[in-house]
Amino acid sequence: MTVRISEVGANSLDRVNKILAGIPGGIWRATHSALQRAGATAKTRSGQFAAQEYTIRKGDFMSNVHQKTHISSDGGGVVSLSISYAGTVLPLLMFRTKYSRSGKLETQVKREGVSTMLDRVFAARVYGPLRAFERVGRERFPIQQKFGPSTAHMMQNPVVIQKMDETIQETFDRRLEHEITRVLNGWGG
């Protein structure tokens, strides 16, 4: 899953081009540094955004996600930031799961979603932490483990993508002024 932000702050980029036009490499240094900071901020807050939409703790999300940031330019003034997310599916018990009064396992993966009663599902400790399993047939065995969505799937949620986009935009615009000053003062090169 990749969150791609193209032409971040088009108005800001016009301003950077006008101010730093006479400094070789100044435009790239300023925009690259501002995008790096915006990407780092978005990566840090991704767990918070996922936890707002899904019933998972931020720490559980962050410990199971792999994030990479890539900044590129097409040479024509379009600078893009890509943040890719990868991760395996998460055990169902990382999400809001409990036993109901009837003794069945009840789970809720999305905060806005409805709790679901799971027939034939039970929690057991098998070589490590407690996990949810479901009987495949009428017999006691075979069983299969139950999972929720992966961290990459959580990041594909439109609400999460919108929050990431807003965070990147705000951080980029705020940080760009500082980076322009740094380049004009001869730093960062």
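The values are calculated or read from the model by the stated rules, or taken from the named source; none is laboratory data. The structure presented is a predicted model; accordingly, all values stated were derived computationally and were not measured. Positions of Cβ are generated from backbone atoms using ideal geometry, with glycine treated the same way; all protein chains shown enter the neighbour counts.
Of everything in the range 13-38 that is of a type in the set (Gly, Ala, Ser) and either in a loop (DSSP other than H, G, I, E, B) or over 31 Å from the mean Cα position of the chain (by Cα) (or both), the residue that is surrounded by the most Cβ atoms within 10 Å (Cβ to Cβ) is Gly25. Of Glu53, Glu134, Glu139, Glu112, all but one fail to be surrounded by 11 or more Cβ atoms within 10 Å (Cβ to Cβ), acidic (Asp, Glu) and not assigned by TED's automatic domain parsing to the domain that holds Ile168; the exception is Glu134. Of the listed requirements (1) closer than 22 Å to Arg57 by Cα; (2) assigned by TED's automatic domain parsing to the domain that holds Val65; (3) surrounded by fewer than 15 Cβ atoms within 10 Å (Cβ to Cβ), His178 misses just one: (1). Applying the condition of being assigned to a loop (DSSP other than H, G, I, E, B) and over 12 Å from the mean Cα position of the chain (by Cα) to the range 145-189 and asking which residue is nearest to Val109 (Cα to Cα) yields Lys146. Can we say Phe141 is under 29 Å from the mean Cα position of the chain (by Cα) and farther than 18 Å from Arg57 by Cβ? Answer is no for this residue. Kindly evaluate Glu106 against the criterion of being at negative phi, of a type in the set (Asp, Glu), surrounded by 15 or more Cβ atoms within 10 Å (Cβ to Cβ) and without any contact (Cβ under 8 Å) to a residue 60 or more places away in the chain. Taking the combined requirement at face value, the residue satisfies it. Answer yes or no: is there a residue in the range 149-163 that is of a type outside the set (S, T, N, Q) and modelled with pLDDT under 90. No, because not a single residue in the range 149-163 is of a type outside the set (S, T, N, Q) and modelled with pLDDT under 90. Does the range 75-84 contain any residue that is assigned by TED's automatic domain parsing to the domain that holds Gly25 and without any contact (Cβ under 8 Å) to a residue 60 or more places away in the chain? Yes - at least one qualifying residue is present in the range 75-84. Would it be correct to say that Thr69 is in contact (Cβ under 8 Å) with a residue 12 or more places away in the chain, in the same structural domain as Arg15 (by TED's automatic domain parsing), among the β-branched types (Val, Ile, Thr) and part of a strand (DSSP E or B)? Answer is yes for this residue.
As a summary of the residue check, Arg101 satisfies the conditions (1) of a type in the set (Lys, Arg); (2) loosely packed, with under 11 Cβ neighbours inside 10 Å; (3) part of a helix (DSSP H, G or I) except for the one numbered (3). Applying a threshold of 7 Å to beta carbon distances and a minimum spacing of six or more residues, or different chains, the list of pairs starting in the range 143-162 at a residue that is among the β-branched types (Val, Ile, Thr) and ending at one that is in a helix (DSSP H, G or I) reads Thr151/Phe61; Thr151/Asn64; Val159/Glu53; Val160/Phe49; Val160/Ala50; Val160/Glu53; Val160/Met154. Would you check if there is a residue in the range 77-87 being of a type in the set (S, T, N, Q), under 28 Å from the mean Cα position of the chain (by Cα) and in a loop (DSSP other than H, G, I, E, B)? Checked the range 77-87: no residue is of a type in the set (S, T, N, Q), under 28 Å from the mean Cα position of the chain (by Cα) and in a loop (DSSP other than H, G, I, E, B). Each residue in the range 142-175 was checked for being loosely packed, with under 13 Cβ neighbours inside 10 Å and aliphatic (A, V, I, L, M), and 1 of them qualify.
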